[in-house]
Structures are given as C-alpha cells and as structure tokens.
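Undergrad: Got a structure here, written out as structure tokens. Questions coming.
None of the figures in this text is laboratory data; all of them are computed from the coordinates on show. All values reported here derive from a predicted model rather than from experimental measurement. Ideal geometry is used to build each Cβ from the backbone, glycine not excepted, and the neighbour counts take in all protein chains shown.
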Amino acid sequence: MKDRRVSDWLLLRKLKVSLSSVHSLDQSGRRLCPHTSIFFLPQPISARPQSSHVVSSCLSQWSYVKFFNIKSVCSASAGRRRASHSNSFGAAMEVNGTANILSSAYLAVEYVDSFLPGNPLQEPLKHAWNHMLQNYSKFQIATWGSLIVHELIYFLFCLPGFIFQFLPFMQKYKIQPDKPETWEKQWKCFKMLLFNHFCIQLPLICGTYYFTEFFSIPYDWDSMPRWPFILAQCFGCAVIEDTWHYFLHRALHHRRIYKYIHKVHHDFTAPFGMQAEYAHPAETLILGAGFFIGIMVFCNHMILLWAWVAFRLLETIDVHSGYDIPLNPLHLIPFYAGARFHDFHHMNFVGNYGSTFTWWDRLFNTDSQFMKHYSQHKAVKSD
Ligand SMILES: [Zn+2]
Ligand SMILES: [Zn+2]
C-alpha cells in the first residue's frame, strides 16, 4: 500500500513537471503572451479522494483561476484577446515560478488528504450550508453573513480573555500583572471597536459580493474545498499577511508618522484581547490590506473568506490577550509569534513587528531586545 502511494506521488511530480513545461495556448491553439500568470489550482473535490484516485482526480479536475492581469498582459501582444477559461488540458498554459510553488503545495495537500479520515460533521454541515443557500441570496450571504461571522467570532474569541480578569488563578499567566485591564480602558476600547467595525469595516464588507461575482467565486457546497485545503490556504494567507504587516507596521513606527496613525493602537501598553482591532481608521485600512492579498491569491470558494477571517481573528486576539496560557494549540504552528511576543511590542514599542510569525523579526534582528528580555525573564523564573 505504501509503495503504491509513493509511486502515485512520483507520478504526480512527473505530471506537474510536464505541466510546467508546456507553453501557453489559447483555445484555437495560438500561443498566449509568455508573461501570462495563471495559478493552477486543483478543482475543489467534494468527495474525499482515495490515495489511488489522486492521480486520476488531478488529471480530470485540474482547473485554473485568473489572477490580476491576465487580460491586460495578453492584450498587449495579442490584440485585446481575452484569456479564455477552459477546464480541459487542451488549453495548456505556461506556469510561472510562483504557480509551481502553489501547484506543488496543492498536490502535497491533496496527497496528505488522501490519508486523512472522513469528517464526521460532513453531513450536518452540508445540510446547514445548503439551507443557507436556499433561503438567502448571494448578496445577503456575502454582506450580512460576513458581518455576522466577523462580529460573532471577534467577541466570542475575546470572551475567554475577558473572563480571565475575574479568575484569580489565571493571574499567574498574565504577562504584565502590574497593568490590569480596567473598566475605563475596556469601555474606551469597545466604543472605538464599534466605530471601526461599522463605519470602516462594514463598507469594505459590502464589497465582498462584488468581489466574488467579479472573480466568479462559487458559493455552492459541491465546489467547496475539503478542510485540509482550506487550512493550507489559511496558512498561505497568513504568510502573505504577516509579510505585509511586518514591513508596513515597521514603517508606521517611523518617528515622522508614528504619532499620526499607529500611536492609537499603542494607547495601551498592556494589551487585552478586545484591543486587537483598536486602531486608527487609516491603520485599519493600511494593515488591513494585507488581509485581502491572500484572498486575491488563494480564494476559490466563499468559505475561504470566512475561514481566513476566523483564523486571522483567532490569531490577533490571542497575541493581544495579555495571557500566556500553557498548552495553547496555536503554538503548534511553526514560528508562531504568540502573546508574549506581541505583548513585548506594546510594552517596548521597538521590535517584534510581525503579526503571526517570528521569521521576519529574526531575519532583520528586530527581535533582539525581546530575546534579551525573554532570556532574563526565564532566568528569574528558574531561580
Ligand atoms: Zn506597533
Ligand atoms: Zn498590537
């Protein structure tokens, strides 16, 4: 059985290489612009694939999504010709380097998925999703559904941190115990949150429907990717968002602009969960843009929007929680920053600019003050 899986995998690798080597041809067989960037994605598979079916599913279900400027780049060399959509291999396309990485990642996820057990919640979820589709329009789902998902998840994830302040035995996990949350701070934060959520984020959420229509992003159950793909896509979104966040956040700390925008987020030197989205409206737009880049790259179903919202909120509320809880499952994510990492940023103002991961701070040595502080903290604790 194992040998069979290994041979499947080797065959998939060969297929991918041959895919990468073919040139871009449109439906009439004419060569497309060589700069055309098309990301190959496996078409979502509603039924869980068996290991032995991976190759055939890849052969029969490869499709692609357009990304940014397929039309514009092609039109320069082929006279306003629009890159046509086709699900067949007849329209073979050139795959650029990024697409190679993406297609390799998708193949790897599909291979891992073939080993995973079935989802016991599959049927109830299918029923609930189809019920939603039958009773609400796409516009209602994209707009009001997204708003409800955002608000519910935000305040639900804030709830544990809010309760911890009343539990004496949780205080030993508070990172800055000398700076407790006060009602005054929390009320101030709550008012700003409501303004940001309904006056800044809601107008952006209203664009969700038009975004999904423009890119022909499906809502139906049968097109929905399986959860390992959604998880992998969320991880990809997090890598992109973290990169955007690191550089823009660092720029917002520049002494010439800090006081105009980012100072608001640093009102509280000891953060608490609800403070995650407490920021100047301009910062909500600047740093929030990083959220959409991953969506532009990976989104092949409406569910990814909601899954990525949930993942991003969980992460940002966790790092702002002010509590370093042992056995936090989020620390299983490789290079995950965590509450202690971001808490130090609020305490120290300098360093630790990453949102989700630690690698950019490590690479540019902007975590040196934190590393020193943390090693001293551990030494005092062990004495
Ligand atoms: Zn900052
Ligand atoms: Zn923060």
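Undergrad: Dividing the Cα radius of gyration by the Kirkwood radius, what Rg/Rh value follows for the range 222-364?
TA: Details: Rg = 15.1 Å, Rh = 15.6 Å.
Looking at the range 222-364, the ratio lands at 0.97.
Undergrad: Find how many whole Å separate the alpha carbon centroid of the range 315-368 from the alpha carbon centroid of the range 108-181.
TA: Between the Cα centres of the range 108-181 and the range 315-368 lies a distance of 21 Å.
Undergrad: Whole number please: convex hull volume per residue, Cα atoms of the range 135-382, in Å³.
TA: Normalising the Cα hull of the range 135-382 by residue number yields 140 Å³.
Undergrad: For a footprinting-style exposure proxy, rank Arg226, Arg340, Arg256 by other Cβ within 10 Å, fewest first.
TA: With the sparsest Cβ surroundings first, the list reads Arg256, Arg340, Arg226.
Undergrad: Now for a separate question. Which value, in debye to the nearest 20, gives the size of the charge dipole of the range 135-382 about its Cα centre, when Lys and Arg are +1 and Asp and Glu are -1 at the Cβ?
TA: About 780 debye.
Undergrad: Assuming R0 = 45 Å, can you tell me the calculated FRET efficiency for the pair Asp220 and Val380, based on Cβ-Cβ distance, to the nearest 0.05?
TA: 0.20
Undergrad: Work out from phi, with θ = phi - 60° and the Karplus expression 6.51 cos²θ - 1.76 cosθ + 1.60, the ³J(HN,Hα) of each residue of the range 151-160, listed in order in whole Hz, and give x for Gly and Pro.
TA: 5, 4, 5, 4, 6, 5, 6, 6, 4, x
Undergrad: Moving on. Just order 316-322, 257-263, 293-299 by mean Cβ neighbour count inside 10 Å, highest at the front, would you? Show your work: numbers first, answer last.
TA: Details: 316-322: 25.1, 257-263: 14.7, 293-299: 18.9.
Order by mean packing, descending: 316-322, 293-299, 257-263.
Undergrad: Do any of Lys174/Lys372; Lys138/Lys188; Lys172/Lys372; Lys179/Lys263; Lys259/Lys372 go past 30 Å between their Cα atoms, and which?
TA: Lys138/Lys188
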